[in-house]
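Chemist: Quick one: structure below, then a few questions.
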Amino acid sequence: MTTSAAPRVQVALDALRDQHERVTRARRAVIEVLDGTEEHLAADEIVARAEASAPGVHRATVYRALATLGELGLIIHTHVGGSATVYHLALPAAATQTSYRHAHLQCTSCQAVIDFPIDVLDSLISRVDHEVGFLVEPHHAALLGLCAECRVSSLTETGHERQAQVD
């Protein structure tokens, strides 16, 4: 019995087969979970959703599927500050007609994780490589700072504090 898969899911399953890897229930469930959300999901969240969508899939099997799919380049993990590692699909741009290469920003105030195009960092990556000989992999860790809302909120609070001190 073959079920119709979403386009990105089908691309990922085809990529597994192209690499002579098996399409297991756990691997398919992980791919479907990641395809079905714009959220940045930690492994435990993926496990819970995969177990719900594919009853009988064991937690340890889902963790192994995450590791294997990462090794095969079908998913990418990103370390975010004060949180667990998060995962997302990493499909080639040609396969999905959209860019998948992005990096992450994390607000140190509200903890929001924001995607942005990785090519914004090209000059920094090139400069670090040239001057230090270090190859930066920006998709593996979130850059920390303040999001626009928290930045405005912080400036507003700072302004009130200054005004109160003047009075």
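Chemist: Within the chain, which is the longest segment containing none of the GluC sites (Glu not before Pro) that sit in a DSSP loop and have at most 13 other Cβ atoms within 10 Å?
Modeler: Longest gap between qualifying sites, sites excluded: 40-167.
Chemist: Work out which trypsin sites (Lys or Arg not before Pro) in the chain are exposed loop sites (DSSP not H, G, I, E or B, at most 16 other Cβ within 10 Å) and give the longest gap free of them.
Modeler: Free of exposed loop sites, the longest segment is 23-100.
Chemist: Separate question: If amide hydrogens are placed 1.01 Å from N in the peptide plane, which non-local residues have theirs closer than 5 Å to the one on Ala141?
Modeler: Under 5 Å from the amide H of Ala141 lie the amide H atoms of His79, each far enough along the sequence or on another chain.
Chemist: Non-local amide H neighbours of Ile75 (under 5 Å, H modeled in plane, Pro and chain starts lacking H): which ones?
Modeler: For Ile75, whose amide H was placed from the backbone, the distant partners under 5 Å are Gly70, Ala90.
Chemist: Would you mind telling me the share, in percent, of accessible area of segment 1-55 contributed by carbon and sulfur at probe 1.4 angstrom?
Modeler: The computed percentage sits at 49.
Chemist: If you take the Cα Rg of segment 31-85 and divide it by 2.2 N^0.38 Å, with N the number of residues, what do you get?
Modeler: Working it through for segment 31-85, the quotient is 1.09.
Chemist: Using the heavy atoms of the protein chains alone and a 1.4 angstrom probe, what is the accessible area of the chain per residue in square angstrom?
Modeler: That works out to 63 Å² for each residue.
Chemist: I'd like the Karplus ³J(HN,Hα) series for segment 74-79: coefficients 6.51, -1.76, 1.60, θ = phi - 60°, whole numbers in Hz, and an x wherever there's a Gly or Pro.
Modeler: Working through the residues one at a time gives 8, 10, 10, 10, 9, 8 Hz.
Chemist: Tell me, Kirkwood radius of the chain from alpha-carbon pair distances, in Å?
Modeler: After inverting the pairwise mean of 1/r, the radius is 18.1 Å.
The values are calculated or read from the model by the stated rules, or taken from the named source; none is laboratory data. Computed from a prediction, not measured in an experiment: that's the story for all the values here. In this analysis, Cβ positions are derived from the backbone assuming ideal geometry, glycine residues included, and neighbour counts consider all displayed protein chains. Each accessible area value is taken on the protein alone, full model and side chains, heavy atoms only, with ligands, DNA and RNA left out. Shrake-Rupley method; radii C 1.70, N 1.55, O 1.52, S 1.80 Å.
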